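To keep things clear, I will list the structure first and then write my remarks on it.
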């Protein structure tokens, strides 16, 4: 099914619907392929993981003793891509009130 642009002319107050061009439709279809969606989700998960690791990097300094719990948590974050397949990406990205809800993200 062809996607459509909704175009509103503020001067005439008219709204028209125009089909995507073949190139726009191809780009839209490509963007929405399941593999592409999963790639974008994994990229977001990796970004979140990197931020969590950065937030706790100070615990890895020589003059700080890192708890075994934190060592385990940081290792769990590093292992996310190998321990979670694409069927779990939605769970990893789930949020409530803007906060990630999956237990893996808690410190």
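Observations
- Of 75, 11, 25, the residue with the greatest mean-square motion in the GNM of the chain, using alpha carbon springs below 10 Å, is 11.
- Among 50, 92, 42, residue whose mean-square fluctuation peaks in a GNM of the chain (springs only between Cα atoms under 10 Å): 50
- Residue 9 paired with residue 44, simple spin-label distance in nm, labels 7 Å along Cα-to-beta-carbon: 3.8 nm
- Share of alpha-carbon pairs per 5 Å distance bin for the chain, given as whole %: 2, 10, 15, 14, 11, 10, 9, 8, 7, 5, 4, 3, 1, 0
- Between 86, 17, 67, the Gaussian network model of the chain with springs among Cα atoms under 10 angstrom shows the greatest mean-square fluctuation at 17.
Read-outs: derived from the displayed coordinates by stated rules, not from any lab. On a predicted model such as this, the values are computed, not experimentally measured, just so you know. In this analysis, Cβ positions are derived from the backbone assuming ideal geometry, glycine residues included, and neighbour counts consider all displayed protein chains.
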